[in-house]
Amino acid sequence: MPASSALGKLYLVGLGPGDAAHLAPAALAALQESQVVVGFRGYMEQVESLLSGKECVAMELGQELERAARAVAQAQAGRTVAVISSGDAGIYGMAGPVFRVLTDLGWDGTAPEVEVVPGVSALQSAAALLGAPLMQDFCAISLSNLLTPWETIRRRLTAAAQGDFVVVLYNPRSLRRTTQLLEARSILLEHRPASTPVGLVRDAYRPGQRITITDLQGLEERIALVDMVTTVVVGNSTTYMQGGRMVTPRGYEEKAARRD
Ligand code: SAH
């Protein structure tokens, strides 16, 4: 293991969806190089075989800022630290709390050194398992109103619906947040047909992976299939189903040609 640099190093590592095959080699190298690994317990277990001999700091939901501060402090002390997220650390991940802490400290960009290591985000995993739904402009919207006011999320849903974006919904539904996905569905239905394909990908590339294809109409009765380990992909007005796959054609004309 390389000795820690005098300045310390902080890696923000995205682990990908869950299995070793989709963990990027650069993420693996960053983990191997780190002396301290900080992250949610579940993600720690995901990379357990890589953690022997390292100091592990497990965190619970709600401890993000505190753990980010601890990780920064360790790096400032000259150690090499990895803060791990599922998917990509910079997409609804731990990069946020870490940069918040760095900002509060007036970080100068060098001490500690910070490197964000990209990972395969849930939208890419879900899209790959569904087919090719993201071939035109798309957007990601998190339905969690814990950190973002619901009114803001509603406004973004409306804009995405009006703009005919393919929409990827993160954090779609939890035990306590049960109404948001239905409201998102209603907003989308104001601007696209009930037959618009919808893909539900649960636990992508993890044991128990489940892929469900429905449409905006059918989403209502399948709502119980959606939870916090699910990513929802809603097609745009050109998205179609072929051979059980969800496909958005590369261009708007292509669909017209296909139908003729
Ligand atoms: N940083 C992560 C996202 C964290 S937000 C990333 O880039 O993927 C958490 C949300 O991500 C979950 O509620 C779910 O919507 C989605 N998600 C993360 N991993 C997933 C997986 N393996 N399968 C399906 N959805 C996943």
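Some notes on this structure:
- Taken over the stretch 93-110, the criterion of being in contact (Cβ under 8 Å) with a residue 60 or more places away in the chain and either assigned by TED's automatic domain parsing to the domain that holds Leu143 or buried (at least 19 other Cβ atoms within 10 Å of the Cβ) (or both) is satisfied by Gly93, Met94, Ala95, Val98.
- Filter result (over 18 Å from Met228 (Cβ atoms), part of a helix (DSSP H, G or I) and free of Cβ contacts under 8 Å to residues at least 40 places away in the same chain) within the stretch 183-205: Ser186, Ile187, Leu189
- Yes/no for Ser34 being in the same structural domain as Glu113 (by TED's automatic domain parsing), within 16 Å of the ligand (Cβ to nearest atom), among the polar types (S, T, N, Q) and at pLDDT 95 or above: no
- Selection of the stretch 61-92 for residues being buried (at least 18 other Cβ atoms within 10 Å of the Cβ), away from the ligand (no atom under 14 Å from the Cβ) and within 21 Å of the chain's Cα centre (by Cα) yields Arg67, Ala68, Ala82.
- Subset of the stretch 125-165 that is touching a helix residue (DSSP H, G or I) at 6+ places or on another chain (Cβ under 9 Å) and in a helix (DSSP H, G or I) - its residue that is farthest from Gly208 (Cα to Cα): Thr158
- Residue count for the stretch 183-213, restricted to those that are within 16 Å of the ligand (Cβ to nearest atom) and not charged (D, E, K, R): 13
- The set of residues from the stretch 195-217 being polar (S, T, N, Q) and either more than 20 Å from the chain's Cα centre (by Cα) or over 14 Å from Gly244 (Cβ atoms) (or both) comprises Ser195, Thr196, Gln209, Thr214, Gln217.
- Meets criteria (under 15 Å from Leu216 (Cα atoms), assigned by TED's automatic domain parsing to the domain that holds Thr214 and part of a helix (DSSP H, G or I)) for Leu169: no
- Residues satisfying the stated conditions in the stretch 142-155, i.e. surrounded by 13 or more Cβ atoms within 10 Å (Cβ to Cβ), out of contact with any Pro (no Cβ under 8 Å at 6 or more places or on another chain) and under 18 Å from Ala122 (Cβ atoms): Ser142, Ser144, Thr148, Ile153
- The condition of being assigned to a helix (DSSP H, G or I) and not assigned by TED's automatic domain parsing to the domain that holds Leu65 holds for only one of Gly218, Gly208, that being Gly218.
- Positions within the stretch 96-138 being more than 14 Å from the ligand (Cβ to nearest atom), of a type in the set (A, V, I, L, M, F, W, C) and farther than 14 Å from Thr248 by Cα, in sequence order: Phe99, Val101, Leu102, Leu105, Trp107, Ala111, Val114
The values are calculated or read from the model by the stated rules, or taken from the named source; none is laboratory data. This is a predicted model, so every value here is computed, not measured. Counting neighbours? That spans all protein chains shown, and the Cβs are built from the backbone with ideal geometry, glycine included.
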